[in-house]
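*Asks:* This structure is in structure tokens; I'll ask about it shortly.
The values are calculated or read from the model by the stated rules, or taken from the named source; none is laboratory data. Predicted, not measured: the structure shown is a model, and the values here were computed from it. Reconstructed Cβ throughout: ideal geometry from the backbone, glycine too, with neighbour counts over all protein chains shown. Each accessible area value is taken on the protein alone, full model and side chains, heavy atoms only, with ligands, DNA and RNA left out. Shrake-Rupley method; radii C 1.70, N 1.55, O 1.52, S 1.80 Å.
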Amino acid sequence: QQTQQTQLFVCTAGCCRTKVFEPYLQDDDESKVTPLPPPTDPLVQSFLTDLYQLSMAYAYWRNNRHEDPAVFDLYFRTCPFDGEFAVFAGLEEALRFVTHFKITPEHVEYLRSIMPIEDEEFYLWLQTLDCSAVRIYAVQEGTIVFGKEPLVRLEGPLAVCQLLETTLLNLLNFPTLVATNAARMRVVAGPDKFLFEFGLRRAQGPNGALSASRYAYMGGFDGTSNVLSGMMFGIPVKGTHAHAFISSFTCLDDLQTRMLDGVDFVAVVLRYLPQLPWPAGNEGELAAFIAFAQSFPAHCLVLVDTYDTLRSGVPNYLAVALALRELGYTPIGIRLDSGDLAYLSKAARDMFQAVSKLFGVDLDRLKIVASNDINEAVLTALNEQTHEIDIFGIGTHLVTCQSQPALGMVYKLVSIRGTPRIKLSQEVNKVTIPGCKELYRLCSKDGRPILDLMIRTGEPIPQPNERLLCRHPFEAQKRAYVNPASVVPLLQLVWDGRLTRTLPSLEQCRHHCRSQLASLRQDHLRLINPTPYKVSVSDNLFQFIHQLWQKEAPVVELS
């Protein structure tokens, strides 16, 4: 059992000194941590940014503010999909970017053309920049997170941290959105169903497709149809065939051979076909099923809705399945891609059971795969109607996050030169929580999260079995005492001029996400009117927020 370590660090913004307990990510000997390779996408580089970041960098430099120690928080304000949770994802790619952050002479040459300035020294200075003076604290990938809490905290020189903003948001927004979308679908489908990502052809470009496969898997899907994602990330790859394969056959004469394992396989199929309690279906479809079974006898799962699911597709497949079984193979099942999926799945299951009883075989539990524009609402409706589907192939609605195509992560300055800063707004939801903060998850005796608590860095760390006053950041009347059975620190040091620990694998992040979902109360996970999860602040931080708010807000004069 790994012993817990106590780490002592000093906030580089000069705010305070504190201790962090119970490392949430595995704590490694830094000298043994292997540096990360470049980002998966070679387009991820220092100039994948907005022009105004470079404009601000110049203004900081010109005013000799570029080295000021700063602290930035990265977070989202509200959870996506009208829900009450999100799955944090994309950290490894973000740290790959940080590892290899560099402004090259080629970048500078282009910058001269779009932002011509007379200070040659600025261009030279840009080429010296890296992230060796930056510290990054982050939540582990796959963690369930909530609005307003810092998911990543950056400490370092003002200009460098500013230049990282746009790229970090790009690398974290979409992965978190897709992982959350996948997790929500997993919650609705239930733990015993298989979910496969089928969205490559509908994704927003190659990178969108690869990211969707990767982070859908992290969020709880079981595999993908994307071969390149499987090769790059080790995700299980699954697939059947298209309608084109079925319609490419017109009759049994189209078959190249009748044989399988030295047996006239076509004759065996045709022997079973008239014994079924349904009329024969489309001959071309039957020929296609035979050809596919001859090609993949141990993995025969076919698409049955090209002509008529119940009058042709299922009877044709059952004749092939019986023949495969006679030759010693285990047929896999069918895929439905259109029609009333609940009704068709139940009718198909009835047909499986009828054949199993008629022939005294075990085909009643053949797998039924369903696709066809499936989303959360469809999954919910299928559950309400009851169905016999074992596996869902989900594409468009998963990879495009069609119900909410973007997550509003933001990146806000919260401290400069050791002085906490606040951004005010007439919309309270856009008011920032100032200063350098730590984030803890307070849990009950059964291990379920009660709430997440932000404290000012330097405050006493929350302890188990210690009564704590937890407050809403902005509404004074919303407060509660909590006596947690356990306290989990969520923000951990992952970068201190270099990578400080070995990051968890995709498989580990996926397992972490699933265990986190299992620990969360069901009323926080439900789709309709979920119970809001509490993200609170300590009384000390609450008082500080409102003192700074009053100090910075102008006093209105009425006349």
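*Asks:* Along the Cα-to-C-beta direction of Leu327, a point sits 7 Å from the Cα; which residues of the stretch 234-273 have their amide N less than 18 Å from that point?
*Replies:* Within reach of a label on Leu327: 252-273.
*Asks:* Moving on to the next point. For Lys238, what charge total do you get from the other residues with a beta carbon under 13 Å from its beta carbon, if Lys and Arg give +1 and Asp and Glu give -1?
*Replies:* Values: positive: Arg335, Lys367; negative: Glu197, Asp222, Asp390.
Summing Lys and Arg as +1 and Asp and Glu as -1 gives -1.
*Asks:* For Asp119, what charge total do you get from the other residues with a beta carbon under 13 Å from its beta carbon, if Lys and Arg give +1 and Asp and Glu give -1?
*Replies:* Values: positive: Arg62, Arg112; negative: Glu118, Glu120, Glu121.
Every neighbour counted, the sum reads -1.
*Asks:* Among all the lysines, which ones have a C-alpha under 30 Å from Lys478's C-alpha, if same-chain residues fewer than 8 places away are not counted?
*Replies:* Lys478 reaches Lys19, Lys148, Lys412, Lys423, Lys430, Lys437, Lys445, Lys534, Lys551.
*Asks:* Let me ask something else. Multiplying the sequence separation of Arg448 and Asp68 by 0.36 nm and subtracting their Cα-Cα distance, what value in nm do you get? Don't jump to the answer; show the numbers that get you there.
*Replies:* On the way: separation 380, 0.36 × 380 = 136.80 nm, distance 4.10 nm.
Result: 132.7 nm gained on full extension.
*Asks:* Next question. Could I have the simple spin-label model distance between Thr166 and Asp539, label points 7 Å from Cα toward Cβ, reported in nm to one decimal?
*Replies:* Once both label points are built, they end up 4.6 nm from each other.
*Asks:* Report the longest stretch of the chain that contains none of the GluC sites (Glu not before Pro) sitting in a DSSP loop with at most 13 other Cβ atoms within 10 Å. Write out the running numbers ahead of the final one.
*Replies:* Details: sites that count: Glu118, Glu427, Glu466, Glu475, Glu557.
With a cap of 13 other Cβ atoms within 10 Å, the longest stretch comes to 119-426.
*Asks:* Given R₀ = 60 Å, FRET efficiency for Asn207-Phe359 by Cβ-Cβ distance, to 0.05? Present the calculation step by step, with values, prior to reporting the outcome.
*Replies:* Values: r = 50 Å, r/R0 = 0.83.
For R0 = 60 Å, the calculated efficiency reads 0.75.
*Asks:* Given a Förster radius of 25 Å and the C-beta distance between His511 and Ser403 as r, what FRET efficiency does 1/(1 + (r/R0)^6) yield to the nearest 0.05?
*Replies:* Details: r = 27 Å, r/R0 = 1.07.
It comes to 0.40.
*Asks:* Something else about it: Where the centroid of each part is defined by its Cα atoms, how far is the stretch 141-157 from the stretch 530-559 in Å?
*Replies:* The stretch 141-157 and the stretch 530-559 have Cα centres separated by 20 Å.
*Asks:* With a 1.4 Å probe and every protein chain kept in, tell me what percent of the accessible surface of the chain is carbon plus sulfur. All intermediate terms of the calculation are to be shown ahead of the outcome.
*Replies:* Working: 12690 of 24750 Å².
Here it works out to 51 percent.
*Asks:* Express the accessible area of the stretch 379-483 per residue in Å², computed with a 1.4 Å probe while the remaining protein chains stay in the model. Spell out each step's value before the answer.
*Replies:* Numbers: 4790 Å² over 105 residues.
Ligands and nucleic acids excluded, the figure is 46 Å² per residue.
*Asks:* How large are Rg and Dmax for the stretch 493-559 when only the alpha carbon atoms are used, in Å?
*Replies:* For the stretch 493-559, the Cα-based Rg and Dmax read 20.9, 64 Å.
*Asks:* Computed FRET efficiency, Cβ-Cβ of Thr257 and Asp308, R0 22 Å: what is it to the nearest 0.05? Mind dumping the intermediate values first?
*Replies:* Numbers: r = 27 Å, r/R0 = 1.24.
Working from the Cβ atoms, E equals 0.20.
*Asks:* Could you please state, rounded to a whole Å, how far the C-alpha centre of the stretch 396-443 is from the C-alpha centre of the stretch 218-293?
*Replies:* So the two Cα centres are separated by 50 Å.
*Asks:* Under unit Cβ charges (Lys, Arg +1; Asp, Glu -1), what dipole magnitude, rounded to 20 debye, does the stretch 313-452 have relative to its Cα centre? Numbers along the way, then the final one.
*Replies:* On the way: 16 positive and 15 negative charges, 203 e Å.
Its charge dipole is roughly 980 debye.
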